Amino acid sequence: MAQLQTDVRYISGIGEARAKALYKLGISTLRDLISYFPRAYEDRTRLFPIRELPVGEFACVRAMISAEPTSQRTMGGRILVKARAVDEGGVLDLLFFNQDYRRSQLRTGETYVFYGKVEGDLLRRRMVNPLLEPDGQQQLTGRIMPVYPLTAGISQLILSRAIRQGLDACRELLPDVLPDHVRQSHQLCYVNYAYENIHFPDSPESLDVARRRLVFEELFLLTCGLHMLRSRRKDVAGPACARADLTPFYEKLPFSLTGAQRRAIDDAVGDMVSGRPMNRLCQGDVGSGKTMVAAACMWFAAQNGWQSALMAPTEILARQHYENLSPLFAQFGLTCALLTGSTRAAKRREILQQLQDGTLSVCIGTHALLTEDVVYHRLGLVVTDEQHRFGVNQRSALGQKAENPHMLVLSATPIPRTLALVIYGDLDVSVINELPPGRQKVDTYAVGESYRQRINAFLRKQVSQGHQVFIVCPLVGDADTVPDERKAVTAYAEKLRQIFPDLRIAVLHGRMKPREKEAVMADFAAGESDILVSTTVVEVGVDVPNANTMVVENAERFGLSQLHQLRGRVGRGSAKSYCILLSDNDGEETRRRLKVMTQTNDGFKISEEDLKLRGPGDFFGARQHGLPSLKVADLSCDMRLLEEAQTAAKELMADDPGLEALEHRQLRWRIHELFSLHAEGLN
Ligand code: ADP
Ligand code: MG
C-alpha cells in the first residue's frame, strides 16, 4: 500500500537510474512526484479548420490524407517524407524529416489529428514534423498537455506517466489541509480535484479552478506559518524602553526629517516601548534617508541605557555610516566605534573591551560584529542595513548576541507591501515613500554599442567640467566557472586608459583587500580619480556627491532593481546627473526592461516591473530568506489571491492562534512540516 512518503521507485518504470534523475528535480517520494507541477501547458483541445490555422503558432487540425505520401532524399542527405492533407476548406502540406515510416503509416483517405507549429502563409499552410494520431484516439491531442521542467534522462512522457500513476496511488491519501469553511467561503475546489487537474486538466476552466485552489493553499499556509512564528515571538519580552521625546535628537540634525522618515521612526519607537521585541523592516528608495531612521532608533535605545549594533554588508558602507553618525552621536556624548575585518588587533581588543563593559553605546561594522568573541554589555537594538545581502540566518546570528533584542532591518529594495510580508515574512513593515526635498531625477539612457564614440566624448566632457564617473562592468563568465572580477575590471580599465590617457582611472573589485578598497573609494570620494571602474561592489550605499555620471556595461545582465540601486550612486550632488545603460542585446525583452529604467526613477514602480518580468524568485535568491519556496503561486500575477489568502489566514489565526481545533489539525501539521525544513532560519 503506497503512502505519500513512499519512494518514487514504487512507480513502475522508475528504477535506480530514473529515481536518481528525479532526485535532481527534488522528487524522492510520491508526494514530491505529484507536487511536481507543470511549468506550462499546451492546449491541444481546440481544432482549427485548415484555413484558420494561426501561422506562427502551435495548433491542432483534423484533416484527411488526400494522396499517397512521397519520400525523397534532401541535399543534406536527410530523408524527407511529404504528404498532403485536406479538410472542407483547405489544403495542408506535411513535411517529415528522417521519419521514413510515416510514408507507410499515413493512409490515403484516413483522417488524422495533427499538432504542430503552423508555417507557410495565408494561401498555403504547412507543418514540419507534427505530432499526429488517428482521429478519435485523443492521446496526444484533444487535451491540455502538461509541460514539465526536465532533467537529463527524464522526458515529458516518462514524467507524465509517472505522475499519472502517482496520482492514482495517492488518490485516497492526500489530506485536505484547508479547513472546510475556508475552502467553501473562498470557492475553492477539493484537493483531489486540484491535483488531478493541475496535471491533467479537462479544460482550461478546470485548470484555472485547480490552480486557484493550489495557489491559495500555498499562500495561505505560508501566511499562517508566518503568523505562528510572529506570535511565538510576541510571547517574549523585548528590551524595556520608556517613551521619550525625540525633539532633542531632531534639533541636532542638519536638516528636518521628511514626514515619511518621522512616521518610520514613530513606528519603530512604538515597537520599542511595546514591551515586545521590535522586528521591523524599514524600506525606502535609495536616498530616502533610512540611515537617519536607524540613527534615531539607536539614539532612543541609548536614552534607555541600551547598546546598539549596526551591521552593513560591506566595509565601505560600514565606514561611511560610521563617519556620518559618530559626530552626530558625539553631540549627545554617545560613544561609537567601527568594527570590521580590517580593524587592527589592538584597536579591536579595545573595542571589544568597551562593548563588554558598556562604555560604547553604538558599534557599527560588518560581519565582524558577528564573531564569537564580540560580547555586549547590554545590547538592546540590532540594525542591519541593506538586508537582502544578509540571510535571515545572519540577521538572527547578530540577534543571538542578546536575549531578544529589538531588530530593525533597512532595505533599499522597495516592494509592494503584501509582497514584503511574504519575502520578509516575520517582519512588520514601514515604508519611506518620500525623498528628501530637492532631489533631482537622474537622466537615463539605454543605448547600444553604436553610441560608444558619443559616450566617450560625453564622459570626457563631464570630467572636464570637474565631475566624476562610475563605470560598472558585470562579471562575465559562463555558468561553470567563477568569473574573475579582477581580470574583467582590470582589462576594461586598461582599454579605457588607452582612450583617455590623460584621465585618472581607478579600479575597484570584490577581490581586493578591504583596505585597498577603502583606499580606492576614499581617493575617489576625495576627487583624486576621475573615473572609477568597478563591479557591483559600488551598488550599495556609497556616497560620492561629485560623481554625476554612471555607465553600466552589459546592462541587460542586471535586474532592474539592481540597476536602480546602481543608479542611486549618482544624483547625490547638485549637478545634473546621468545614467547610461549600454547593451548590445536588442531583444525585445531587454529593450522593454531597460526602457522602464529610462522612464522612471521610482523604485517602487521599478521593482513592480522587475517582479512582473522576472518573478520574485530572482529577487533575492528565493532561498536566502529561509522561508518555504513557492511552487505554484506567481506573485507577479497572483497578488489578488495573495491578499485574499492573507485575509483568510488572519481571520483564522485570530480565531484559533495555535491551530488547536480538530479541523485545523491537518493544517497545523502541514505548516510544521513546511517550516521545520527551514527552521534554522526562522528563530
Ligand atoms: P538611504 O535611504 O539610501 O540609506 P541615506 O540615509 O544614505 O539614504 O541618505 C541619503 C542622503 O540624504 C544622505 O546624505 C543624508 O544625509 C541625506 N538626508 C537624509 N535625510 C534627509 C532629509 N530629511 N533632508 C535632507 N537630506 C537628508
Ligand atoms: Mg543606505
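The values are calculated or read from the model by the stated rules, or taken from the named source; none is laboratory data. Quick caveat, the model's predicted, so the values are computed rather than measured. Using ideal geometry, Cβ is built from the backbone for each residue, glycine included, and neighbour counts are taken over all protein chains shown. Surface accessibility is based on the protein's heavy atoms, side chains included, excluding ligands, DNA and RNA. Shrake-Rupley method; radii C 1.70, N 1.55, O 1.52, S 1.80 Å.
The single residue among Gly587, Gly571, Gly527, Gly559 that is under 28 Å from the mean Cα position of the chain (by Cα), small (Gly, Ala, Ser) and under 17 Å from Gln468 (Cβ atoms) turns out to be Gly571.
The residues on offer are Val537, Val533, and the sole one that is open to solvent by less than 20 Å² (accessible area, probe 1.4 Å), aliphatic (A, V, I, L, M) and in contact with a Ser or Thr (Cβ under 9 Å, 6 or more places away or on another chain) is Val533.
Look through Ala296, Ala268 and report the one residue that is under 22 Å from Thr247 (Cβ atoms), in the same structural domain as Thr359 (by TED's automatic domain parsing), within 15 Å of ligand 2 (Cβ to nearest atom) and in a helix (DSSP H, G or I). None of the others qualify; the one that does is Ala296. Restricting attention to the range 243-264, the residues being more than 20 Å from Arg439 (Cβ to Cβ), among the aliphatic types (A, V, I, L, M) and either open to solvent by less than 30 Å² (accessible area, probe 1.4 Å) or part of a helix (DSSP H, G or I) (or both) number 1.
Conditions (1) at pLDDT 80 or above; (2) open to solvent by less than 20 Å² (accessible area, probe 1.4 Å); (3) in contact with an Asp or Glu (Cβ under 7 Å, 6 or more places away or on another chain), marked per residue:
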| site | (1), (2), (3) |
| --- | --- |
| Asn433 | yes, no, no |
| Gln453 | yes, no, no |
| Gly466 | yes, no, no |
| Phe470 | yes, yes, no |
| Val476 | no, no, no |
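Of all strands (runs of 3 or more DSSP E) completely enclosed by the range 75-184, which ones contain at least 1 residues that are open to solvent by 20 Å² or more (accessible area, probe 1.4 Å) and polar (S, T, N, Q)?
Values: elements: 79-87, 90-97, 111-120, 125-128, 131-134, 144-147.
Strands (runs of 3 or more DSSP E) meeting the threshold: 111-120.
For every residue, the table says whether it meets (1) in the same structural domain as Ile154 (by TED's automatic domain parsing); (2) under 26 Å from Thr111 (Cα atoms); (3) assigned to a loop (DSSP other than H, G, I, E, B).
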residue	(1), (2), (3)
Leu4	yes, no, yes
Arg9	yes, no, no
Gly26	yes, no, yes
Arg31	yes, no, no
Gly56	no, yes, yes
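In the set Leu310, Leu281, only one residue is within 12 Å of ligand 2 (Cβ to nearest atom), of a type outside the set (Ser, Thr, Tyr), in contact with an Asp or Glu (Cβ under 8 Å, 6 or more places away or on another chain) and in contact (Cβ under 8 Å) with a residue 24 or more places away in the chain; that residue is Leu310. If you filter the range 227-242 down to residues that are at pLDDT below 80 and in a helix (DSSP H, G or I), you find that the one that is least open to solvent (accessible area, probe 1.4 Å) is Leu229.
Within the range 290-311, the set of residues being open to solvent by 20 Å² or more (accessible area, probe 1.4 Å) and near ligand 1 (Cβ under 9 Å from one of its atoms) comprises Thr291, Met292. Within the range 312-338, the set of residues being within 12 Å of ligand 1 (Cβ to nearest atom) and among the polar types (S, T, N, Q) comprises Gln320, Asn324.
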